[in-house]
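Chemist: Encoded as structure tokens, here's the structure I'll be asking about.
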Amino acid sequence: MTAPAPTKTILRALAGETLPTPPIWMMRQAGRYLPEYRATRAQAGDFLSLCYNPELAAEVTLQPIRRYGFDAAILFADILLVPQALGSNLWFVTGEGPRLSPIINRAGVDALKPVDAIHETLSPVYETLRILARELPQETTLIGFAGAPWTVATYMIAGRGTPDQGPAHKLREAEPEAFDALMDRITLATIEYLSMQIQAGAEVVKIFDSWAGSLKGDAFTRYALKPARQIIAAIKERHPGIPVIAFPREAGDAYIGFGRATGADCVAIDNSVTPEWAAEHVQCDGCVQGNLASSHMVTGGQALVDATTRVVRAFSKGPHIFNLGHGITPDADPENVALMVDTVRNFRA
Ligand code: CP3
């Protein structure tokens with residue numbers, strides 16, 4: 001028996017269909033650029049309290065769907081909840097970003113909790129998904145997500161965001177055994193986490209490797225490509241038919257063949273490559289997502305319309321999900337987002 005063909009636009013694109021109008025959503029679509037997000041966040045207290053409050057996390061997930069009618073809703077949570085669930089201390093410093101107690105050696109890795117223990121911390125996230133699965137409009141696809149092991153490891157090792165991921169590169173070179181043990185722990189936790197998200201209602205999962213671009217050559221294969229392949233293989237085995245989007249941000253030439261090599265149904269593309277290049281070298285293998293520069297959401301105007309049209313046109317001959325090249329920033333103007341959505345939906349070849 002074959003599965004019925006999907007009807008939701010995002011799922012159709014992920015199945016390889018070329019649609020006349022690409023479905024659209026936006027990375028970080030629930031965020032500080034929206035006044036309604038800021039109001040709900042103030043009600044929740046801090047950012048982590050919002051992530052662990054299923055009612056309010058579902059509410060902020062729904063806000064951009066109500067305002068713009070995006071084709072997908074992405075679970076409101078954060079990639080750093082997994083380290084927290086593994087026992088790392090995690091807090092957010094306003095205006096600066098995340099802080100964790102750094103893992104500097106093998107003893108630090110061994111002190112983490114076992115993978116099975118993560119659900120204790122993460123169960124409110126699964127509840128958020130169950131609420132969303134009930135409340136989303138029937139045409140909207142629910143996307144779950146996790147950070148890729150390398151990106152999550154960079155934060156766990158440095159204890160914060162870093163411009164060049166230096167501490168993580170140092171540990172992988174100086175103490176490969178400790179580093180590999182950490183990567184393994186995160187990889188296995190990510191499989192369990194995404195699997196529970198799917199059981200709770202996620203119809204698609206996305207793996208964010210925001211710092212993949214700092215891995216080159218063999219290191220990219222070993223720490224970006226292989227963990228993605230392992231996670232995707234496990235998800236496909238446990239949940240046949242659930243599509244996976246992989247985002248090896250700033251992979252450059254390493255985007256070529258990434259979908260085939262990892263088994264991802266869609267490769268998300270950042271804006272350091274042109275859409276024409278990505279159409280020729282990546283979309284030839286299947287669905288792509290991207291890649292409008294998020295700065296247009298700040299600056300707007302005719303340049304936004306032109307750049308949006310260029311992305312839609314470049315990807316119009318194959319399966320495409322319209323998105324930004326990276327997350328929308330807090331200084332974006334909600335009116336510019338509306339202009340982008342209108343431009344995508346009114347595009348005629
Ligand atoms: O896309 C969405 O709308 C879903 C929710 C989501 C968030 N973070 C909410 C968030 C997702 C998918 C993420 C992923 C994430 N988180 C990544 C990977 C994608 C990327 O942007 O590269 C990374 C690296 C993180 C870690 C993280 N979380 C950082 C570095 C920061 C601080 C930077 C900032 O923008 O303030 C966060 C905080 C964060 N995660 C916010 C949101 C809405 C802002 C928190 C606030 O409300 O103060």
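Chemist: With N set to the number of residues, divide the alpha-carbon radius of gyration of the chain by 2.2 N^0.38 Å and report two decimals.
Modeler: 0.94
Chemist: Restricting attention to the alpha-carbon atoms of segment 221-295, what are Rg (one decimal) and Dmax (integer), both in Å?
Modeler: 12.3, 39
Chemist: Something else: For segment 197-349, take the alpha-carbon Rg, divide it by the Kirkwood Rh, and send me Rg/Rh. Present the calculation step by step, with values, prior to reporting the outcome.
Modeler: On the way: Rg = 15.9 Å, Rh = 16.1 Å.
Rounded to two decimals, Rg/Rh equals 0.99.
Chemist: Moving to a separate point now. What GluC sites (Glu not before Pro) does segment 137-222 have in DSSP loop regions with at most 14 other beta carbons within 10 Å?
Modeler: Counting only loop positions with at most 14 other Cβ atoms within 10 Å, the GluC sites (Glu not before Pro) in segment 137-222 are E139.
Chemist: Of T154, T299, T190, how do they rank once you tally other Cβ atoms within 10 Å and put the fewest first?
Modeler: By the 10 Å Cβ count, ascending: T299, T154, T190.
Chemist: Within the chain, how many Lys pairs that are eight or more residues apart, or on different chains, come under 25 Å at the alpha-carbon?
Modeler: Summing the qualifying lysine pairs gives 14.
Chemist: Okay, moving on. What net charge do the residues around V282 carry, taking every other residue with its C-beta under 12 Å from that of V282, with Lys and Arg at +1 and Asp and Glu at -1?
Modeler: Cβ neighbours under 12 Å give a net charge of -4.
Chemist: So which cysteines of the chain have no other cysteine's Cβ under 4.7 Å from theirs?
Modeler: C51, C284
Chemist: For segment 23-97 and segment 239-260, what is the separation of their Cα centres, given in Å?
Modeler: 24 Å
Chemist: Counting other Cβ atoms within 10 Å, keep those with at most 16, restrict to DSSP loop, and tell me which trypsin sites (Lys or Arg not before Pro) in segment 146-236 are left. List each step's numbers first, then the result.
Modeler: On the way: sites: R160, K170, R172, R185, K206, K216, R222, R229, K236; in loops: K216.
Here the sparse-neighbourhood loop sites are K216.
Chemist: Could you give the alpha-carbon Rg of segment 7-135 over 2.2 N^0.38 Å, rounded to two decimals?
Modeler: In units of the globular-protein estimate, segment 7-135 measures up at 1.24.
Chemist: Would you list C51, C287 from fewest to most Cβ contacts within 10 Å? Spell out each step's value before the answer.
Modeler: Numbers: C51 24, C287 28.
Ordered by Cβ neighbours within 10 Å, fewest first: C51, C287.
Chemist: Here is a follow-up. Highest mean first, how do 84-95, 326-337 rank when packing is the count of other Cβ atoms within 10 Å averaged over residues?
Modeler: Highest to lowest by the protection proxy: 326-337, 84-95.
Chemist: Something else: Write down the Å³ per residue value for the convex hull defined by the alpha carbon atoms of segment 161-255. Walk me through the numbers on the way to the answer.
Modeler: Numbers: hull volume 9.7 nm³, N = 95.
In segment 161-255, the Cα hull volume divided by residue count equals 102 Å³.
Chemist: With each pseudo-label sitting 7 Å past Cα toward Cβ, what's the N346-S101 distance in nm, one decimal?
Modeler: Calculated label separation equals 5.6 nm.
Chemist: If you count the DSSP beta bridges with both ends in the chain, what percent of them are antiparallel, to the nearest 5?
Modeler: Here the share of antiparallel DSSP bridges comes out near 15 percent.
Chemist: For R249, what charge total do you get from the other residues with a beta carbon under 10 Å from its beta carbon, if Lys and Arg give +1 and Asp and Glu give -1? Intermediate values should be presented prior to the final figure.
Modeler: Details: positive: none; negative: D209, E250, D270.
Here the charged neighbours net out to -3.
Chemist: Which order do the peptides 105-113, 303-311 take when ranked by the mean count of other beta-carbon atoms within 10 Å per residue, highest first?
Modeler: Top of the packing list down: 303-311, 105-113.
Chemist: Using a cut-off of 13 Å between beta-carbons, work out the net charge of the residues near I131 (Lys and Arg +1, Asp and Glu -1, I131 not included).
Modeler: Residues close to I131 contribute a combined charge of -2.
Read-outs: derived from the displayed coordinates by stated rules, not from any lab. The shown structure was predicted, so the numbers you read here are calculated from the model rather than taken from an experiment. A quick note on method: Cβ atoms are made from the backbone with ideal geometry, for glycine too, and the neighbour counts reach across all protein chains shown.
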